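Have a look at the structure below, then the notes.
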Amino acid sequence: MDSTTAMYIAQSLNGLAYGMLLFLVASGLTLIFGMMGILNIAHASFFMLSAYFCHTFLDMTGSFLLALLVAPLIAAFFGVLCERFLLRKVHAFGHIGELLITVGISLVILEGVKFFWGTEPYLVAVPEMLNGFVPIVDLHYPVYRIFVIGLALLILVLMAAILFKTRLGMVVRAAVSDADMVNALGVNVPIVFMLVFGIGTWLAGVAGVIITPILTVFPGMADQVGLDAFVVVVTGGFGSLLGAFIVALFLGELNAFGIQFIPKLAPVLMFAFMAIVLAFKPMGLFGERE
Amino acid sequence: MNIMETKGLYHDFKGLKVLFDVNLEIKEGERHAIIGPNGAGKTTLFNVITGTYEPSKGHIFFKEREITGFKPHQLTRMGMGRSFQITSTFTRLTAFQNIRMGVLSKRGIRFNLFQLLDGMNEVTEETDQILKRINLYGERDVPASALSYGKSRSLEISMALATDPDLVMLDEPTAGMSVDETRTAVKLIRKLTEGKTMVIIEHDMDVVFSLADRITVLHLGAILASGAPDEIKDNQAVKDAYLGELEV
Amino acid sequence: MKQNLLNWIFLAAIVIIAAFIPMIFGIYYSNVIVLFSIFALYAVSYNLLLGYTGLLSFGHAMFFGGGAYATALALTHIPGFPLLLALLTGGLAAVFLALIVSPLLVRVSGTAFAMLTLAFGQLLYVICLKYREVTGGEDGVGGFPIPSLNIPGIVSIEMTDPLKYYYFALIVVLLSLFIMWFFTKTPFGQIVVSIRDNANRVDYLGFKVPHSKAIVFIVSGFFAGIAGALYAMLQDLVSTDGALTVYMSFFPIMMAFIGGIGSYFGPIYGAAILTIIDEVAAAYTEHFELVTGIIFILVVLFAPLGFAGFLNFVKIKWSARSSHQGTAEEVS
C-alpha cells in the first residue's frame, strides 16, 4: 500500500482511538446530565485526577495494570464524595447553583493537583506488554492504540449489557430519564444517584489512565479533553448515549484529520460543528430534555 | 367583524393529535367561553392562537389579518393579551413593578437606555392607577411571590390586560379560588374587560354562565358544539360528553 | 432607594480614601488597588449577565481577553495611537465579538448557553494560541508603548508613571461603574431583570426577548473589554494564559457570587474580598486559587446570597422595620 493510504488508515485509527476515549468520558457525563439535569463541569477534572493517581501508582508499583484498576476507583470515590456532600446540598438552589459548585470543584481539583504534584508534566511509558507495532497490511500501527480502542469497546459493550439487560440497568435508565417518577415508585433514588455518579466518574477515570501514555500527565489535561467531552454531550444530546457515541467518534476523526490537514483551523471546525447543530437543534442531535 | 378566527386548525405533538379541525369564530366585543373536559386541548388552543406554538396545519386570523406563526410579542403589539393557568408573573419583582412592565410595553417604552425609570412619573401614576383598580394598591411593594393566591391571580389577570389589548384571552383565571374569591374575580374581570373582546377557558360553570355571551365546547381536540349558553345547556352531545356537569 | 444612597456614600468615602492611598501606602499597594478596580469592573460587567439577566456565561474572558489583545495589538502596531482610543479599542473589540456570538447565544438558554459560552471562550483562546504571527502565541504581546493622556493645548500626563496610571484607571473604572449602574435603572434595565424572572412573560408583554438579550450582551461585553484594555496597559503584556483561560472566565463568576449577585455592588465586594485573600494568601502559599476555589464552594453551599446578602441580613436584623423593605436592596 502506498504511504498516502497508510497515512489515512493510521489517522482513522488515531481518530477512532481518541473518539473512543472521548466517548468514555462523555458517556459518564451524559448519564449524569440525564439524571441530574446539570452538566458536571468538574467531570473532566476527575479524569485528570485519575491520570495523576495512575502516575503515582506507576511510580510506586511499576504496574500499569494495577494503576488501571485502582486509579479510576479512587477518582470515582472522590466523585461520589462530591456528589454526596456537595452537589446534593445545592440541589434545592436549582441548576445555576449546581453548575456553580461544579465550577468550584473543578477549580479546587485543578489547583489541588498543582499543589500536590506540581505543574511539570509527567511522562508515562507505554506498558511493556502493549509496546510495539502491529502490522495492518503494510502499515505498522502502535499496539497500544489498538488496545485503547479494544478496551473502550469492551467497556462500552459491558455498559450496554448492564444498562439494557439487567434490572439495575433498567432502574438506572428510568432514573436518568425521570428521577422524580422513579422516586415516586419507591426506588431509593439517592443511592441510584450515587451509583450513576460513581460509575460515570469511573469511566472518566479509566479514560484518564489509558490516555496517559499518549497525552502525558499535566494540569491542562482537564481543560483540553473536558471541552471536547462537553461538546460531545451538548451536540450529541443531553442524556443520549447513542448521540454521545456518534458525535465522539465523529469528533475523534475530525480532530485527527483536522490536525493533519488544517492544523490552524482544526479547533474552529469543532466549534463550528457544535454551533451549527445547536442552531438547528438546541437540545442536541438526539437530545430530548433541556 | 370577527376579531379572531381559526380555520381548519390542527396541532399535534410528536404524532399525538391534540387539535382537530378547529374552526372558531370570535365576534368583536363578545364574551366567549371555551369549556370542555380535561385534556380536551383548550390550553393548547390558546397556546397556538397566542403564538407559543405554530399550528401543524391551518390558519389563524386576528383583526382580519393572517397571524399564523406569529410570535407572542408580535401578537401582543397587535392587541392581544393572555393570562396563564399557572400564574406567570415576575416573582422577584413587586406588584408595582409587575404592572409597570405592562405599562411600559403599552407606551412603547422598550429600548430606552437613557432615562431613569423611577423618575418617569407618568408611568408611575398610570401603574398606581391600575393597582388601585384591581385592589392591589395595598400590596404595591410586595414581591409577587409573597402575594396570597387570590391576589396573585388578580395580578396575573391584570398583566394580561396591562397592555390594553382589544382581545383578552384568560386561561382558567379562577383556578383554585374559593367561592368568595371567585365572585370577586368575576366582578373584576367583567369590569376590566368592558369594551373589549374576551375569550375565557373555564371549568367553573357558574363563572361561565354569568360571564359568557357564547360558549364553545371542546372535546378530544375538536369542537363539539358552539352557540348561546341556553343552546349549549340543552345540547345532548354536550351533556353526554360532560356527563351532566352542566347542571347549573 | 435609601439603601442605594447609603451605598453611594460608602463608595464616595472609599473613593476619597483611595485618592490618598498611593501617598500613604506606596506604589505596590496602589497597583493592587488598580488591579482590584479592574477586576471589580470585570465582575460588575459579568453580573449584568448573571445577576440581572439570569444568564450563566462561562466565556466572559473572551471579552476581557479580546479587549486586552485588541488594545495591545493596536498599541504595538500603530505608532502614536492615543490613550483614550486604545481604551476604546478594547471595548469595541469586545462589542465586535459580542455581535458575532449573540445571534446564536440569544436563542439558547440554561446549560446549552453555558456550554456555548465556554466553547466560544475556548475558541478564542485556541485561536490566539495558534496564530502566533499575530498574537505571539503563548508569549503574547508585550512591551508596547503606553501612550500619555494628551489633551491638546492643556496637559500631557505620562501614563508610564504608576501614580498617574492609578488615577487614570480609577477614574475610568468609576465612570464605567456609574454608566452600568445607570443602565440598570433605565426602563431597559427593568426589562432585563424581568427576563431573568420570567422570559416567557416578557415575550407575552410585547418585548423582543432575543434582541434585549443581545443588547445586554453588548453592554456587558463592552465594559469587560474596557477592563481588559486597562489590564493590558497596566501589565504592558497580554498573553493567552493571562487573559483568556477558562479560569479567567470563572474568576468573575466567583467574584460576583462571593460578593453577592443579587446586588449591583455585590461583585465589587467580591473583587475586594478576593483581592484581600490573594494578598494575604500570597504570604503563605503560591496556590491562592486553591483557597479561592474552596471559599467559592463554601459560599455556594452556605451563603449563596454572598457578602451583599450577608450585609442585607445584618441590616434587617438591626433595623426595626418590617422585612418587606429588605427586597428594596435586591436587584430590581
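Observations
- Checking every residue in segment C:200-223 against the condition of being away from chain B (no Cβ under 14 Å), at positive phi and either free of Cβ contacts under 8 Å to residues at least 60 places away in the same chain or not in a helix (DSSP H, G or I) (or both) gives zero matches.
- When A:Ser63 is tested against (1) over 17 Å from A:Thr216 (Cβ atoms); (2) within 13 Å of another protein chain (Cβ to nearest Cβ); (3) not acidic (Asp, Glu), exactly one condition is not met: (2).
- For segment A:145-175, the set of residues classified as within 18 Å of the chain's Cα centre (by Cα) and either closer than 29 Å to A:Arg88 by Cα or at pLDDT below 75 (or both) consists of A:Ile155, A:Leu156, A:Leu158, A:Met159, A:Ala160, A:Leu163, listed by residue number.
- Qualifying residue in segment B:139-150 (condition: without any contact (Cβ under 8 Å) to a residue 40 or more places away in the chain, away from chain C (no Cβ under 14 Å), over 19 Å from B:Ala33 (Cβ atoms) and crowded, with 23+ Cβ neighbours inside 10 Å): no
- In segment A:74-98, of all residues being under 18 Å from the mean Cα position of the chain (by Cα) and either away from chain C (no Cβ under 13 Å) or farther than 22 Å from A:Val209 by Cβ (or both), the one that is modelled with the lowest pLDDT corresponds to A:Glu83.
- Test result for C:Leu237, within 30 Å of C:Ile127 (Cα to Cα) and within 12 Å of chain A (Cβ to nearest Cβ): no
- Filtered residue count, segment A:227-280, keeping only those that are more than 20 Å from the chain's Cα centre (by Cα) and free of Cβ contacts under 8 Å to residues at least 40 places away in the same chain: 15
- Number of the exception - A:Leu158 against (1) farther than 21 Å from A:Leu69 by Cβ; (2) of a type in the set (A, V, I, L, M, F, W, C); (3) without any contact (Cβ under 8 Å) to a residue 60 or more places away in the chain: (1)
- For segment C:229-266, the tally of residues that are closer than 15 Å to C:Thr89 by Cα and in a helix (DSSP H, G or I) stands at 5.
- Residue among B:Lys42, B:Lys71 that alone is without any contact (Cβ under 8 Å) to a residue 40 or more places away in the chain and out of contact with any Phe, Trp or Tyr (no Cβ under 9 Å at 6 or more places or on another chain): B:Lys71
- When each of C:Val173, C:Val141, C:Val238, C:Val202 is tested for being over 23 Å from C:Leu73 (Cα atoms) and crowded, with 22+ Cβ neighbours inside 10 Å, the lone residue that passes is C:Val202.
- Residue list for segment B:62-102, restricted to those being in a helix (DSSP H, G or I), among the hydrophobic types (A, V, I, L, M, F, W, C) and buried (at least 23 other Cβ atoms within 10 Å of the Cβ): B:Leu75, B:Ala95, B:Ile99, B:Met101
- Applying the set (1) away from every other protein chain (no Cβ under 14 Å); (2) surrounded by fewer than 20 Cβ atoms within 10 Å (Cβ to Cβ); (3) part of a helix (DSSP H, G or I); (4) of a type in the set (A, V, I, L, M) to C:Ile146 leaves exactly one unmet item: (3).
- Flag for C:Ala114 being of a type outside the set (Phe, Trp, Tyr), more than 21 Å from C:Leu87 (Cβ to Cβ), under 22 Å from the mean Cα position of the chain (by Cα) and assigned to a helix (DSSP H, G or I): yes
- Filter result for the condition that a residue is assigned to a helix (DSSP H, G or I), within 14 Å of chain B (Cβ to nearest Cβ) and within 15 Å of the chain's Cα centre (by Cα), over C:Ile195, C:Ile191, C:Ile179, C:Ile226: C:Ile179
- Taking (1) more than 22 Å from C:Phe188 (Cβ to Cβ); (2) charged (D, E, K, R); (3) more than 8 Å from chain C (Cβ to nearest Cβ) in turn, B:Glu126 satisfies each apart from (1).
- If the condition is being part of a strand (DSSP E or B), at pLDDT 75 or above and among the β-branched types (Val, Ile, Thr), then segment A:113-144 contributes only A:Val134.
- Scanning segment C:296-310 for residues that are facing another protein chain (nearest Cβ under 9 Å) and surrounded by 20 or more Cβ atoms within 10 Å (Cβ to Cβ) yields C:Phe296, C:Ile297, C:Val299, C:Val300.
- Among the residues making up segment B:118-137, a single one is touching a Lys or Arg at 6+ places or on another chain (Cβ under 7 Å) and not in a helix (DSSP H, G or I): B:Leu136.
- Of all residues in segment B:197-244 being touching a residue at least 40 places away in the same chain (Cβ under 8 Å), among the charged types (D, E, K, R) and surrounded by fewer than 21 Cβ atoms within 10 Å (Cβ to Cβ), the one that is farthest from B:Lys57 (Cα to Cα): B:Asp206
- Subset tally (residues that are free of Cβ contacts under 8 Å to residues at least 60 places away in the same chain and either within 14 Å of chain A (Cβ to nearest Cβ) or basic (Lys, Arg) (or both)) for segment C:261-281: 3
- Boolean, B:Asp166 is under 30 Å from B:Ile109 (Cα atoms), surrounded by fewer than 19 Cβ atoms within 10 Å (Cβ to Cβ) and within 14 Å of chain C (Cβ to nearest Cβ): yes
- Members of segment C:1-41 that are aromatic (Phe, Trp, Tyr) and in contact (Cβ under 8 Å) with a residue 12 or more places away in the chain: C:Phe36, C:Phe39
- Counting only helices (runs of 4 or more DSSP H) that fall entirely inside segment A:186-290 and contain at least 1 residues that are of a type outside the set (D, E, K, R) and facing chain C (nearest Cβ under 10 Å), the qualifying elements are A:221-236, A:266-280.
- Across segment A:74-118, the qualifying residues are those that are surrounded by fewer than 18 Cβ atoms within 10 Å (Cβ to Cβ) and of a type in the set (D, E, K, R), and the one among them that is nearest to C:Leu290 (Cα to Cα) is A:Lys114.
- Index of the failed condition, C:Val108 passing every other in (1) in contact with a helix residue (DSSP H, G or I) (Cβ under 7 Å, 6 or more places away or on another chain); (2) more than 12 Å from chain A (Cβ to nearest Cβ): (2)
- Test: residue in segment C:121-135 that is of a type outside the set (Val, Ile, Thr), within 14 Å of chain A (Cβ to nearest Cβ), more than 28 Å from A:Phe230 (Cα to Cα) and surrounded by fewer than 17 Cβ atoms within 10 Å (Cβ to Cβ): yes
- Count - residues of segment B:103-117 that are assigned to a loop (DSSP other than H, G, I, E, B) and of a type in the set (Val, Ile, Thr): 1
The values are calculated or read from the model by the stated rules, or taken from the named source; none is laboratory data. All of these numbers come straight from a predicted model, not from anything done at the bench. Neighbour counts are summed over all protein chains in view; Cβ atoms, including those assigned to glycine, are modelled from backbone coordinates with ideal geometry.
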